[in-house]
1. Of all residues in the range 80-105, which are closer than 13 Å to CYS59 by Cβ, in a loop (DSSP other than H, G, I, E, B) and in contact with a Leu (Cβ under 8 Å, 6 or more places away or on another chain)?
2. So which of GLU209, GLU229 ends up being surrounded by fewer than 18 Cβ atoms within 10 Å (Cβ to Cβ) and within 20 Å of LEU259 (Cβ to Cβ)?
3. Going through the range 385-424 one residue at a time, which ones are of a type in the set (Ser, Thr, Tyr) and without any contact (Cβ under 8 Å) to a residue 60 or more places away in the chain?
4. Looking at ALA312, ALA324, which is the one that is surrounded by fewer than 21 Cβ atoms within 10 Å (Cβ to Cβ) and either under 21 Å from VAL16 (Cα atoms) or not β-branched (Val, Ile, Thr) (or both)?
5. Report, ordered by the first and then the second residue, all pairs with beta carbons closer than 8 Å, sequence separation of six or more or different chains, a first member in the range 244-269 that is at negative phi and at pLDDT 95 or above, and a second member that is assigned to a helix (DSSP H, G or I) and among the charged types (D, E, K, R).
6. Is at least one residue of the range 288-299 in a helix (DSSP H, G or I) and either at pLDDT 95 or above or of a type in the set (A, V, I, L, M) (or both)?
7. Suppose we filter THR419, THR332 for residues that are outside the structural domain of VAL290 (by TED's automatic domain parsing), farther than 19 Å from TYR33 by Cβ and among the polar types (S, T, N, Q); which single one remains?
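The values are calculated or read from the model by the stated rules, or taken from the named source; none is laboratory data. Source: prediction; values computed, not measured. No Cβ is skipped: glycine too gets one built from the backbone with ideal geometry, and neighbour counts run over all protein chains shown.
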Amino acid sequence: MTVAPHFQHKNGVLHVEDLALPVLAQKYGTPLYVYSRQALRDAWESYRSAIGDRKVLVCYGMKANSNLAVLNEFKTLGAGFDIVSGGELARVLAIGGDPSRIVFSGVGKQAWEMKAALEAGVKCFNVESEAELLQLSAVAEAAGKTAAISLRVNPDVDAKTHPYISTGLKDNKFGIAIGHALTVYQRAQSLPGLEIVGVDCHIGSQITEVGPYLDALDKLIKLIKTLAEHGIHLKHLDLGGGIGIRYTDETPLSPSTLLDNVFQVLKANRLDHLEIVLEPGRSLVGNAGVLLTKVEYLKHGETKNFAIVDAAMNDLIRPTLYSAWHGVEPVTPRGGDAQAPHYDVVGPVCESGDWLARDRQLDIQQGDLLAVMSAGAYAFTMASQYNTRPRPAEIIVDGKADHVVRPREKVQDLFATETTLPND
């Protein structure tokens, strides 16, 4: 049984919505990224219904999946966008996104990125250091613009997630230590070209409990009250993203549970007039996609069995990078032999770290199709062309219809802009 409701076996074949995955493999080849449009819509609805009539802006954390079709879908549904680069800004503008609903995060914004965001008219810069604050002031003043800012504060809260995706501890590179925040806000107040509008906090990703959010909120409320005592009044509170999804047996935190708890605390502290900004990424797209791959060879060894597939770490690096767990589903199950071997599912890249799943009992044969589940977030966006491997196509399925939203790269495209040195 899959963990994504829009990917289910029907008549013995794994489908995405109403379309059988083997049809897509035959039509477009493998490896192949396949997304469900309805899954995107249903994930958005979980936030929309949780918000109700409360003052909340959801800015999709587009680093999770930045395909233009995905962005346009969320724009149409009413999302703003959380960006971390000038390139992501260009993507939002390319689909006609509203710049006034963009928040610009990231620890290393360059001057040209700041200028582009100012010219576009983004809602807010989430400033992550005093040095960045000074740079943004200078860029804004030179451009004759005013940059709306919030400071991303680091509350030193354990998000209880993988250390690579934990961002709210004092040892992380992100944000300004909350104990130093008042000083930096006062510095911002004195600088030209800046307008203080909010405070920002993002403690990590794949969070499945409300507790870490409330721990961070408690510290943020104390800061907000201290700022008010010093004449600095905020308009919004950005709690970041980080809500997790179900990869295997997790019980994800729902947007309604998060928001109900947050507003209860804010109301008790007479701060429910603040606009809440959320920056979800994974929870909107993670379970909306799969990576479809074909078994090229089965290799049985003394201590390990390997299912060698045509997808690799360059297509999906999360297992290599984080030891991340993704479900692996045979597209056409053979009956679930109780004595079936256990396999490491590996790719053809020349690295021992090139694996997609380890120690999975699979009743499979050469030529079978496998679906690597929960591959809608931090999958294609982190893909590379290592070993001169073209990146897969991306397909979005809507009912029985399939749409190519990014074609498969051609080998020749990968070095088309390269040149050789002149002969002596």
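1. Once the filter is applied, which keeps residues that are closer than 13 Å to CYS59 by Cβ, in a loop (DSSP other than H, G, I, E, B) and in contact with a Leu (Cβ under 8 Å, 6 or more places away or on another chain), the range 80-105 yields only GLY97.
2. On the way: GLU229 fails: within 20 Å of LEU259 (Cβ to Cβ).
Within the list GLU209, GLU229, the selection yields GLU209.
3. Matches in the range 385-424: THR388, THR417, THR419, THR420.
4. The unique qualifying residue is ALA324.
5. VAL265/ASP218; ASN269/LYS225
6. yes
7. Within the list THR419, THR332, the selection yields THR419.
Condition check ((1) of a type in the set (Phe, Trp, Tyr); (2) free of Cβ contacts under 8 Å to residues at least 40 places away in the same chain; (3) within 24 Å of ASP315 (Cα to Cα)) across all residues:
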| site | (1), (2), (3) |
| --- | --- |
| HIS15 | no, yes, yes |
| GLN26 | no, yes, yes |
| LEU32 | no, no, yes |
| ALA39 | no, no, yes |
| CYS59 | no, no, no |
| SER85 | no, yes, yes |
| GLU88 | no, yes, yes |
